[in-house]
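A.B. asks: Pasting a structure here, questions to come.
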Amino acid sequence: MLEAIALGKVFRGRGGGPFWAVREVTLSVRKGEVYGLIGPNGAGKTTLLRMIALMMRPDEGEIRLDGQAAADRPDALRHKIGFASGNTRLYGRLTPREILLFFGRLYGMSRAQIERRTAELGETFGLLEFLDARCDTLSTGQLQRVSIARVALHDPPLLVLDEPANGLDVLTSEALFQFIRQAAERGVAVVLSMHQVSAVESLCARVGLIHRGRLVAQGRPEEICRDASAPDLRTAFIRLVSDTADAAGGRFT
Amino acid sequence: MNWRVLITLLGKELLETVRDRRTLFMMIGLPVLLYPSVLLVGTQVAVLRQERVEKGVSRVHLETASLLDLPLIRPWLEATGKIVVVYSADPQRDLREGKIDLIATVKAPVSETFFAGNPLPVELLYDVTEQRSLEALDRMDKLLKDVAEREQRRRLEERGIDPAEVMPLMISRVDLAGNVKVAGAILGALLPALLIIITALGAFYPAVDLTAGEKERGTLETLLSTPVTRSELVTGKFLAVFCLALVTALVNLLAQLGTMYVFFGQISDTLPGAFTALLRNPFPLLLVIGIIMIPMALLLSSLMMAVCMFARGFREAQTYLTPVMLLIAAPALIAGMPGIRLTPFWTFVPVVNAVLAFKEAMLGGVSAQALFSVFVSTLASALFTIACAVWLFHREEVTLADEPMLPLSLRRKDYPPRDFLTPSHALGIFGLIMALIFYAGSLLQARWPLPGLFVTEWLLVLMPSLLILWLVRADFRSVLGLRRCPPSGFAAGALLGAGTFLITAAFGPIQERFLPIPEALQEAFNRFFETDNTTAARLWLFLVAALSPAICEEVLFRGILLRGFVRRLHPGVAVLAVSVLFGLFHLSIFRFMPTAVLGIPLAYMCLRTGSLFPSVLAHALVNSIALSLSMGLVPDMITYWLFPAGPDVARVSAGALALGVGLLLPGIAILERRFGGAGH
């Protein structure tokens with residue numbers, strides 16, 4: 001479904017010189033597979049996910065969706081993607097129903113389709129009681145649920161979720177994980193990043209560990225643990241990240 | 001471009017705006033409330049005052065009562081009651097304090113002059129700042145003229161002369177302007193400018209809200225993740241801003257018209273039917289407004305949106321838009337002034353052309369050809385800014401930028417150390433310093449010219465700049481470009497500086513044609529730099545007028561502003577923007593052109609060498625050359641070879657111009673050859 005080949009993204013650094021936020025990242029996600037990205041803050045996860053969601057052009061490498069090169073027609077290919085992150089917020093002055101209607105139209109859905117999906121997703125994520133309340137009156141958890149509903153609205157074959165569990169309580173995160181598992185069962189490919197390593201371990205078939213813009217380990221959770229000779233993914237994460245920090249001269253910033 | 005998507009985007013933007021009370025109030029609430037209150041209250045107060053003056057009694061102090069003995073006076077005073085004779089112990093003080101309105105003094109005894117067939121000198125003392133005093137003067141003057149005319153006629157008849165024989169001229173005045181034109185002239189000065197400013201204000205909040213506001217609220221990224229293309233996104237947003245600006249303009253126009261109807265209905269007998277004549281058939285005017293306002297609203301909305309895209313938040317966007325508002329308002333107001341007509345040249349200057357076309361229409365008609373030219377040129381500039389906005393929206397560093405904003409704090413520890421400033425930081429510092437110069441610097445310089453300039457440069461320009469940099473913990477070296485520069489950089493700087501000086505001088509005659517410097521201003525400027533012929537006095541002058549500006553102004557302009565701008569803007573745009581600000585900094589429309597032009601090579605050498613020092617040298621050099629020339633320190637032979645008409649008249653010889661180019665080109669060559677690959 002998704003192939004990312006040797007992706008790289010360069011920004012202008014603080015001092016004016018080039019700064020590679022992501023470099024030489026290659027990964028692929030099959031239909032029905034959940035791929036988890038973990039890494040410390042500032043490792044390049046958000047930049048990588050923005051490129052995968054075709055919102056940012058890579059400076060190196062290429063992305064293919066279902067075998068199609070994304071660089072040719074990124075706008076059209078975004079049809080196949082649902083993207084949510086901490087930065088994709090909702091319009092405070094609109095209601096969830098209006099927001100779903102608006103985004104549904106942007107995805108080219110008909111009014112009847114949107115209404116049907118709104119009812120379905122409202123049921124799944126428990127939105128029905130606040131569908132007609134302005135978003136600036138909703139709680140963080142409620143907003144996050146609306147966000148997930150927005151992403152799932154057009155039933156995309158690829159979900160890209162940057163920290164989807166942020167701000168969710170235990171029950172709502174569980175509902176989210178349930179939704180992700182069900183989506184994967186239906187054949188949806190999912191790429192997500194998460195700070196809760198334990199959740200990633202239980203949810204994802206494969207995991208990529210990103211540090212300073214590079215993938216330092218990739219594979220099934222148990223493979224990564226074995227290679228790092230760690231009892232669990234959490235320990236492997238800490239070990240791998242400090243290893244590369246030492247290799248880079250012991251500076252860990 | 002997908003129409004369905006555009007309409008969806010437009011609908012969402014409008015729905016959001018309608019739900020925002022702040023924008024809604026600015027668009028509709030404010031004009032509906034503002035015009036009636038300002039126009040009705042303001043003009044009614046003025047009319048009332050005028051009426052009180054006209055109906056009021058003038059209090060006149062007579063130095064000698066003999067004035068009352070003249071014919072006509074007593075009966076007139078008794079009949080009209082408009083002038084009462086009062087007595088004052090200190091009439092001049094009472095007049096100044098407004099206790100009396102006029103003093104009439106007879107300079108010779110009446111019996112020996114008026115009644116003896118000689119002229120009687122009468123002096124009327126009044127206060128020009130007092131409406132009542134002017135009215136008293138007017139009444140007394142008319143009364144005395146009647147007396148004089150009657151006496152003249154009597155004396156002529158006494159000698160058997162027909163009064164008509166001694167009247168060499170008979171003058172009568174007839175005003176042909178007509179009511180409509182008078183009304184047009186008065187309204188024409190203000191209304192077009194007001195309408196454009198208000199349309200700009202109407203675009204202001206939506207432009208901020210739909211771009212920087214979306215970014216700040218974090219909803220822009222949500223939009224960017226959808227299949228909507230960037231061009232569709234900008235177009236949808238732009239259409240929304242445009243609609244809102246037009247609605248604001250329309251609401252304002254209706255509020256203006258409505259207020260005037262009510263207003264003229266109330267006091268139609270006090271004011272002539274002039275205004276009502278225009279209001280009775282406003283449709284031709286409305287048609288012109290419609291034709292001009294549509295491309296104008298397109299231009300203003302796209303311009304404001306393009307500017308707002310650089311901002312990451314509401315506050316920052318407002319900071320950016322404030323100078324844009326000034327840039328729109330100033331030419332609009334100036335073009336509104338009487339006497340400026342729509343010449344072919346002005347047809348192509350945006351904003352000015354619209355104001356002028358609108359004004360002509362009010363003054364009795366604008367030709368279809370001129371209207372068409374204005375429409376096309378405004379539309380062309382609108383399309384250009386729309387293209388800029390679309391281009392900007394395709395740039396990730398503009399749409400997905402997430403540099404944090406500076407906290408607004410006076411505690412140094414609230415700021416993380418930084419080695420760069422953004423354009424908004426730089427503009428903030430510039431604004432603060434401009435305010436200091438305007439309020440404190442110009443006063444100081446008016447009172448103590450040279451010491452005032454010295455204090456302005458060091459304490460109002462340099463010190464606050466450095467203080468702010470220190471407060472926000474900016475790294476002085478990189479923020480100002482304090483890097484070592486090889487001698488070739490300095491040499492190139494000196495060549496460029498001297499060359500540009502001569503070339504700008506060559507533009508003197510052009511400026512002389514379009515914008516001649518008033519003589520009084522030139523004299524004041526020359527007097528400013530007058531000095532004793534002692535070495536000490538001359539050194540002081542060079543320190544104040546050559547070295548100080550070179551150091552202090554370079555730190556602000558080619559340091560803070562240029563390095564800040566270049567982080568976000570294309571280097572060429574940054575150089576031009578800093579140079580325009582440098583021109584504005586001199587607070588004189590006559591010095592704008594030469595100083596702004598000088599700013600370009602200064603900024604260019606800074607970017608090429610990566611160092612501030614060459615431009616400090618070049619700036620000091622240019623000021624020193626100008627000073628030496630005006631002080632006569634350069635041998636006359638050279639001075640008159642360069643400036644055949646003398647150093648005060650900026651008219652350079654062909655040789656001097658060639659010399660200027662001859663200095664400039666090697667300067668550029670050195671910079672390009674030695675520093676071109678440095679990546680600046």
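The values are calculated or read from the model by the stated rules, or taken from the named source; none is laboratory data. Please read these numbers as outputs of a predicted model, since none were measured by experiment. Every residue, glycine as well, gets a Cβ built from its backbone with ideal geometry; the counts of neighbours run over all protein chains shown.
A.B. asks: With respect to the numbered conditions (1) buried (at least 16 other Cβ atoms within 10 Å of the Cβ); (2) at pLDDT 90 or above, which one is the sole condition not fulfilled by B:Ala474?
C.D. replies: (2)
A.B. asks: Out of curiosity, is B:Pro571 farther than 25 Å from B:Trp470 by Cα and surrounded by fewer than 19 Cβ atoms within 10 Å (Cβ to Cβ)? Give the derivation first.
C.D. replies: Working: farther than 25 Å from B:Trp470 by Cα: yes; surrounded by fewer than 19 Cβ atoms within 10 Å (Cβ to Cβ): yes.
Yes, satisfied.
A.B. asks: Please go through the stretch A:162-172 and give me each residue that is outside any loop (DSSP other than H, G, I, E, B) and either of a type in the set (Phe, Trp, Tyr) or under 18 Å from A:Leu127 (Cβ atoms) (or both), ordered by number.
C.D. replies: A:Leu171, A:Thr172
A.B. asks: On to the next question. Of everything in the stretch B:644-678, what is modelled with pLDDT under 80 and of a type in the set (A, V, I, L, M, F, W, C)? Give them in sequence order.
C.D. replies: B:Ala645, B:Val649, B:Ala650, B:Val652, B:Ala678
A.B. asks: Now a separate question. Could you tell me whether any residue of the stretch B:236-243 is within 14 Å of chain A (Cβ to nearest Cβ), within 26 Å of B:Leu194 (Cα to Cα) and not charged (D, E, K, R)?
C.D. replies: Yes, the conditions are met somewhere in the stretch B:236-243.
A.B. asks: Something else now. Determine whether B:Leu342 is of a type outside the set (Asp, Glu) and crowded, with 20+ Cβ neighbours inside 10 Å.
C.D. replies: In short, yes.
A.B. asks: Another question, then. So B:Pro91 ticks every box in (1) in contact with a Lys or Arg (Cβ under 6 Å, 6 or more places away or on another chain); (2) within 15 Å of B:Leu137 (Cβ to Cβ) but one. Which box is left unticked?
C.D. replies: Going through (1) in contact with a Lys or Arg (Cβ under 6 Å, 6 or more places away or on another chain); (2) within 15 Å of B:Leu137 (Cβ to Cβ) one by one, B:Pro91 breaks only (1).
A.B. asks: Return yes or no: is B:Ser377 at pLDDT below 80 and among the polar types (S, T, N, Q)?
C.D. replies: no
A.B. asks: Continuing with this model, one more query. What do you reckon, is B:Ile83 surrounded by 15 or more Cβ atoms within 10 Å (Cβ to Cβ) and out of contact with any strand residue (DSSP E or B) (no Cβ under 8 Å at 6 or more places or on another chain)? Give the derivation first.
C.D. replies: Values: surrounded by 15 or more Cβ atoms within 10 Å (Cβ to Cβ): yes; out of contact with any strand residue (DSSP E or B) (no Cβ under 8 Å at 6 or more places or on another chain): no.
No; evaluated as a whole, the condition is false for this residue.
A.B. asks: Would you pick out the residues in the stretch A:71-120 that are in contact with a strand residue (DSSP E or B) (Cβ under 7 Å, 6 or more places away or on another chain) and under 18 Å from B:Glu232 (Cα atoms)? Can you show your working first?
C.D. replies: Let us first name the residues in the stretch A:71-120 that are in contact with a strand residue (DSSP E or B) (Cβ under 7 Å, 6 or more places away or on another chain), namely A:71, A:77, A:80-86.
Across the stretch A:71-120, the qualifying residue is only A:Leu77.
A.B. asks: A further question on this structure: All but one of (1) more than 28 Å from B:Thr226 (Cβ to Cβ); (2) without any contact (Cβ under 8 Å) to a residue 60 or more places away in the chain; (3) surrounded by 17 or more Cβ atoms within 10 Å (Cβ to Cβ) hold for A:Val197; which doesn't?
C.D. replies: Answer for A:Val197: the failing condition is (2).
A.B. asks: Quick one: how many residues across the stretch B:1-40 are within 14 Å of chain A (Cβ to nearest Cβ) and assigned to a helix (DSSP H, G or I)? Lay out the reasoning, then the answer.
C.D. replies: Just the residues of the stretch B:1-40 that are within 14 Å of chain A (Cβ to nearest Cβ), to begin with: B:1-24.
Those left that are additionally assigned to a helix (DSSP H, G or I): B:3-18, B:21-24.
Number of matching residues: 20.
A.B. asks: Given the residues B:Ala311, B:Ala317, B:Ala335, B:Ala330, which is the only one that is more than 20 Å from B:Phe384 (Cβ to Cβ) and surrounded by fewer than 20 Cβ atoms within 10 Å (Cβ to Cβ)?
C.D. replies: B:Ala330 is the lone residue from the list that is more than 20 Å from B:Phe384 (Cβ to Cβ) and surrounded by fewer than 20 Cβ atoms within 10 Å (Cβ to Cβ).
A.B. asks: Kindly establish whether A:Pro156 is within 14 Å of another protein chain (Cβ to nearest Cβ), touching a Lys or Arg at 6+ places or on another chain (Cβ under 7 Å) and either farther than 30 Å from B:Ile7 by Cβ or in a loop (DSSP other than H, G, I, E, B) (or both). So that I can check it myself, show each step before the final result.
C.D. replies: On the way: within 14 Å of another protein chain (Cβ to nearest Cβ): yes; touching a Lys or Arg at 6+ places or on another chain (Cβ under 7 Å): yes; either farther than 30 Å from B:Ile7 by Cβ or in a loop (DSSP other than H, G, I, E, B) (or both): yes.
Considered against the rule, which asks whether it is within 14 Å of another protein chain (Cβ to nearest Cβ), touching a Lys or Arg at 6+ places or on another chain (Cβ under 7 Å) and either farther than 30 Å from B:Ile7 by Cβ or in a loop (DSSP other than H, G, I, E, B) (or both), A:Pro156 comes out as yes.
A.B. asks: Further, regarding this structure: Identify all residues within the stretch B:135-167 that are closer than 19 Å to B:Glu63 by Cα and surrounded by 16 or more Cβ atoms within 10 Å (Cβ to Cβ); write none if there are none.
C.D. replies: B:Ala136, B:Leu137, B:Arg139, B:Met140, B:Leu143, B:Leu144, B:Val147
Yes/no matrix, rows are residues, columns are (1) more than 7 Å from every other protein chain (Cβ to nearest Cβ); (2) without any contact (Cβ under 8 Å) to a residue 24 or more places away in the chain; (3) closer than 16 Å to A:Gln144 by Cα:
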site: A:Ala71; (1), (2), (3): yes, yes, no
site: A:Asp75; (1), (2), (3): no, yes, no
site: A:Ala84; (1), (2), (3): yes, no, yes
site: A:Pro96; (1), (2), (3): yes, no, yes
site: A:Arg111; (1), (2), (3): yes, yes, no
site: A:Arg116; (1), (2), (3): yes, yes, no
site: A:Leu127; (1), (2), (3): yes, no, yes
site: A:Phe130; (1), (2), (3): yes, no, yes
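A.B. asks: Report yes if B:Val398 is assigned to a helix (DSSP H, G or I), modelled with pLDDT of 85 or more, touching a Leu at 6+ places or on another chain (Cβ under 8 Å) and of a type in the set (Val, Ile, Thr), otherwise no.
C.D. replies: no
A.B. asks: If you don't mind, there's one more thing I want to ask. Within the bounds of the stretch A:175-188, is there any residue that is within 14 Å of chain B (Cβ to nearest Cβ), under 30 Å from A:Asp66 (Cα atoms) and surrounded by 14 or more Cβ atoms within 10 Å (Cβ to Cβ)?
C.D. replies: No, the conditions are met nowhere in the stretch A:175-188.
A.B. asks: For B:Val634, state whether it is modelled with pLDDT under 85 and either in a loop (DSSP other than H, G, I, E, B) or over 28 Å from B:Phe528 (Cβ atoms) (or both).
C.D. replies: So B:Val634 passes the test.
A.B. asks: So is B:Glu63 under 30 Å from B:Arg230 (Cβ atoms) and either within 14 Å of another protein chain (Cβ to nearest Cβ) or surrounded by 13 or more Cβ atoms within 10 Å (Cβ to Cβ) (or both) or not?
C.D. replies: no
A.B. asks: Got a number for residues in the stretch A:99-108 being closer than 21 Å to A:Arg145 by Cα and more than 7 Å from chain B (Cβ to nearest Cβ)? Please lay out each step first, then the result.
C.D. replies: Of the residues in the stretch A:99-108, the ones closer than 21 Å to A:Arg145 by Cα are A:99-107.
Those left that are additionally more than 7 Å from chain B (Cβ to nearest Cβ): A:99-101, A:104.
The total comes to 4.
A.B. asks: Additional query: Can you pull out the residues in the stretch B:301-349 that are in contact (Cβ under 8 Å) with a residue 12 or more places away in the chain and not in a helix (DSSP H, G or I)?
C.D. replies: B:Met309, B:Phe310, B:Ala311, B:Arg312, B:Gly313, B:Met337, B:Pro338, B:Ile340, B:Arg341, B:Leu342, B:Phe348, B:Val349
A.B. asks: Being in contact with a helix residue (DSSP H, G or I) (Cβ under 7 Å, 6 or more places away or on another chain) and not in a helix (DSSP H, G or I) is the filter here; which residues of the stretch A:127-153 pass it?
C.D. replies: Matches in the stretch A:127-153: A:Leu127, A:Leu131, A:Asp132, A:Leu138, A:Leu153.
A.B. asks: What strands (runs of 3 or more DSSP E) lie completely within the stretch A:173-245 and have 2 or more residues being within 19 Å of A:Leu159 (Cα to Cα) and of a type outside the set (A, V, I, L, M)? Walk me through it before giving the result.
C.D. replies: Values: elements: A:189-193, A:206-211, A:214-219.
The qualifying strands (runs of 3 or more DSSP E) are A:206-211.
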